[in-house]
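The structure under discussion appears below in the form of structure tokens.
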Amino acid sequence: METLPKEQLLNSLEHLVDGHLQQAIRHFQNMTAHDLLQPASNGGWSIAQCLDHLNSYGHYYLPKIQQGIAKNVHLSPKDTFKSSWLGAYFIKMMDPETGKKKYKAFKGHIPAPDLDAYAVVAEFIQQQENLLIYLKEARSVDLNSIRIPISIARFITLKLGDVFQFIIAHDERHIRQAMRNVSTQTSVKF
């Protein structure tokens, strides 16, 4: 686990979130409800279900991130960040480049098959915009000292820097899944 310059880490995370936001606006926002709700050809989640799953994590983590930042703005921030071993493990597990294993969604994070597709997309876009705001606000806090309880076992806490990386890797994983559905639907229509 290497120590990273905080500015470099936050810049790379902002770049990823901005990419997720642009994909949602460019692709998902302009699709029909039917296409957003169409199950994957392999029987997997629809695009709306992928985004709803991500929204469920946003419901939990975004308020916790906001509270953590608000409570700690008075502390002097460090210019570097170093992941904890547990944080690094979770990030590596979730990152689509390093974590190739499939995982079952935890209770409370399993999307329903019948969703308001447009509301799901709109909420995802809003959550990504909020995440960008929190990444900017995080420049004035210590990513090492703010601890956020994880959603599946609230007695376990991760550093704010690890939580940002985990959430964004998780977003990337499921946006890629959703984009595979877009590719499949496009090839079927032509």
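The values are calculated or read from the model by the stated rules, or taken from the named source; none is laboratory data. These figures come from a predicted structure and were not determined experimentally. Cβ: placed from backbone, ideal geometry, glycine included. Neighbour counts: every protein chain shown. When the accessible area is computed, the model is the full protein with side chains, heavy atoms only, and any ligands, DNA or RNA have been set aside. Shrake-Rupley method; radii C 1.70, N 1.55, O 1.52, S 1.80 Å.
Please determine, by comparing only the residues of the range 2-46 that are of a type in the set (A, V, I, L, M) and over 20 Å from Glu172 (Cβ atoms), which one is farthest from the chain's Cα centre (by Cα).
First pass over the range 2-46, keeping only residues of a type in the set (A, V, I, L, M): 4, 9-10, 13, 16-17, 21, 24-25, 31, 33, 36-37, 40.
Then drop every residue that is not over 20 Å from Glu172 (Cβ atoms), which leaves 33, 37.
On the way: Ala33: 23, Leu37: 20 Å.
Among those that are of a type in the set (A, V, I, L, M) and over 20 Å from Glu172 (Cβ atoms), it is Ala33.
Does Arg176 qualify as being over 30 Å from Pro39 (Cβ atoms) and open to solvent by 10 Å² or more (accessible area, probe 1.4 Å)?
Details: over 30 Å from Pro39 (Cβ atoms): no; open to solvent by 10 Å² or more (accessible area, probe 1.4 Å): yes.
So Arg176 does not fit the description; no.
Among the residues of the range 81-126, count how many are assigned to a helix (DSSP H, G or I) and over 19 Å from Ile152 (Cβ atoms). Working first, answer last.
Within the range 81-126, the subset assigned to a helix (DSSP H, G or I) is 85-94, 117-126.
Now narrow it down to the ones that are over 19 Å from Ile152 (Cβ atoms): 117-126.
Counting residues in the range 81-126 that are assigned to a helix (DSSP H, G or I) and over 19 Å from Ile152 (Cβ atoms) gives 10.
Give the range 79-125 a look and list any residue that's open to solvent by 70 Å² or more (accessible area, probe 1.4 Å) and either touching a Lys or Arg at 6+ places or on another chain (Cβ under 8 Å) or of a type in the set (Asp, Glu) (or both), or say none. Please lay out each step first, then the result.
So in the range 79-125, the residues open to solvent by 70 Å² or more (accessible area, probe 1.4 Å) come out as 79, 82, 85, 89, 92, 97-98, 100-104, 106-107, 110, 113-114, 116, 118.
Within the range 79-125, Asp79, Glu97, Thr98, Asp114, Asp116 qualify.
Under 8 Å between Cβ atoms, which residue pairs at least 6 apart in sequence (or on different chains) link something in the range 151-163 that is at pLDDT below 90 with a partner that is part of a helix (DSSP H, G or I) and open to solvent by less than 40 Å² (accessible area, probe 1.4 Å)?
Ser151/Tyr57; Ser151/Tyr60; Ser151/Tyr61
Taking the range 1-58 as the region of interest, how many residues are assigned to a helix (DSSP H, G or I) and either free of Cβ contacts under 8 Å to residues at least 24 places away in the same chain or of a type in the set (Phe, Trp, Tyr) (or both)? So that I can check it myself, show each step before the final result.
Restricting attention to the range 1-58, the residues satisfying the condition of being assigned to a helix (DSSP H, G or I) are 6-26, 28-30, 33-37, 47-58.
Now restrict to residues that are either free of Cβ contacts under 8 Å to residues at least 24 places away in the same chain or of a type in the set (Phe, Trp, Tyr) (or both): 8, 11-12, 15, 19, 22, 26, 28, 30, 34, 57.
Total meeting the criteria: 11.
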